[in-house]
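Shown next, in structure tokens, is the structure this report addresses.
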Amino acid sequence: MDKIFISLLIFLVFLIGFLFWFFIKTVKEKDYARSMLASIIDTVGEAIVAADQDGCIIMTNQAAEKMWGYEFNKLVGMNLRDLMPENYRDSHTKGMERYLNTGDAKLLGRRIELEGLHFSGAVFPMEIVISETKIDQVVIFTAALRDISDRIKSARELGHSKLLLETVINTVGEAIITVDKEGSIVMTNQAAADTWGYNLGDLLGMNLRELMPEKYRAAHTSGMARYLGGADAVVLNQRIELEGLHASGAIFPMEILISETNIDDDKLFTAALRNITERKRDERWLYQAQRREAIVALTGGIAHDFNNLHSVILANLRFLKDDLGKVSDDIKEVLADAISATNDSVELTKRLMSYSRNQAVKSKMINVNHLVSELVPFLTSTLGNSINLSTDLSPNNLQIYVDPDQLENAVLNLVLNSKDAMPMGGGIEIKVSSGHSDAINCSGSAVGSDSFLEEGDYVIISVTDNGGGIEVENILAVFEPFFTTKEIGEGSGLGLSMVYGFCQQSNGNCTVDSDVGKATTVTMYIPRCDEG
């Protein structure tokens, strides 16, 4: 539209200049000629002003008088300088002198924006196109002008609206993306850029298909085609869960709400999106916690009943052994095997009771560095030559108030689990450190209870191996009693559940972080205690 306007405006200016020249040169009755010319230019919607080389206005029309706020015929005889603000006058004079001396016309035939000085003293923006005509060697400049106050105001309001819109969409916590019917992104916000891992400018112009995993693209394309073809909108105005494709290639869960806007004949689709990775993780943790609590209750009850039965069985077996007197060695061996098996069952029950927090503990203040150091020789001999055991102990004197036997068993279980994960050998590291609850990120791939730690300082004991890691589908079940990936008869599945129970009894927590094919780290968080 602007190009058409400027072309018509330039044509109009030259036409008026020609008519001005034609009437003045060929019509003898000059008053009649001026009357005819005035009648013609008054029919034009634009303001028209003609001035000589001194800037004296020799002709104008009613639109110009209205634009500047002067009464009829008051403009003729005035100088152009009177119609412009003070700050334009010197440059106007110098520009005119330069043109008359050199012929260098920088403004002729071009549309430019300047400011006019209204009769009331108000300054207003205007658009102007200037042409030149010579009559008897006298240079006449004719200008077509338009007050662009409304356009400037509209542009300013549009700019304000755009700024307000940008402020709003960048303030909301959700990612906002608007696409056209081809899926090209025409508007977005910083939250969307952060969600997908792109720079804000890079998102604009991208296609929505690039932000979704491959498995969604065909369905998205066919669904859009059906909707544009007249089918019902299946996904509009309702929250649905999908997956997004991060710039890094990672796939993440998201919740999306889509609405439609029609602007002229164009359809635009705006989506409010939210990365729900943390929510999904919390839901998963809640489910596991509820499941684990149910197992804890069941395990505690079973362990309690087993414990009572064991007492009866052991008492009777010992009575038989002591009371039978002289019996054959075969019978004595059978009784010894029965007593040994029952004792093993008692130990297994103790581990179940530890998981369910029903076992009595004998806590005392211990130095964690000392305990780990004393365990190393035994652990090294247990692991054999194919596995290298290293320690990274804290330089500080870290003490905790726990049952030392249970802590030793917990560390032993973790080290033996790591050994089993590395049948071809590898490395295991036991690390002892400390930290405050505010600085501890207690949110591994699997968490014993939840990611919350009571306010305070903690001793952090971690065991890391470079084995095969734990598969994603198994990671959330590792703390459940009897869960194991080993063959039948190779493990009870109580190792990590016992570690979890120990941490819970000690008012701490336990996490597992695993990178499949690379490494696994099990970390215990135990409240730190000051001696005395």
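What follows is calculated from the coordinates using simple rules that are stated; it is not laboratory data. Predicted, not measured: the structure shown is a model, and the values here were computed from it. Cβ placement follows ideal geometry from the backbone for every residue including glycine, while neighbour counts extend to all protein chains displayed.
Mind jotting down the distance between the C-alpha centroids of region 399-428 and region 213-282, whole Å?
Here the two parts' Cα centres lie 47 Å apart.
Using 0.36 nm per residue of separation minus the Cα-Cα distance, give me the extension gain between Glu86 and Leu165 in nm, one decimal.
On the way: separation 79, 0.36 × 79 = 28.44 nm, distance 3.77 nm.
Stretched fully, the Glu86-Leu165 segment lengthens by 24.7 nm.
With r as the distance between the Cβ atoms of Lys181 and Val139 and R0 = 45 Å, compute the FRET efficiency 1/(1 + (r/R0)^6) and round to 0.05. Can you show the working numbers first?
On the way: r = 56 Å, r/R0 = 1.24.
Plugging the Cβ-Cβ distance into 1/(1 + (r/R0)^6) gives 0.20.
Take Thr102 and Asp194, extend 7 Å from each Cα along the Cα→Cβ direction, and tell me the distance between the two endpoints in nm.
Between Thr102 and Asp194, the simple spin-label model gives 5.4 nm.
Separation between the Arg110 and Ser340 pseudo-spin-labels, each 7 Å from Cα along Cα→Cβ, expressed in nm?
That separation, rounded to one decimal, is 10.5 nm.
Are any of the pairs Lys66/Lys162; Lys66/Lys94; Lys431/Lys518; Lys362/Lys419 more than 25 Å apart by Cα-Cα distance, and if so, which?
Lys66/Lys162; Lys66/Lys94; Lys362/Lys419
Restricting to Cα pairs below 8 Å that are 6+ residues apart, what does the relative contact order work out to for region 82-140? Please round to a whole percent.
Relative contact order of region 82-140: 30 percent.
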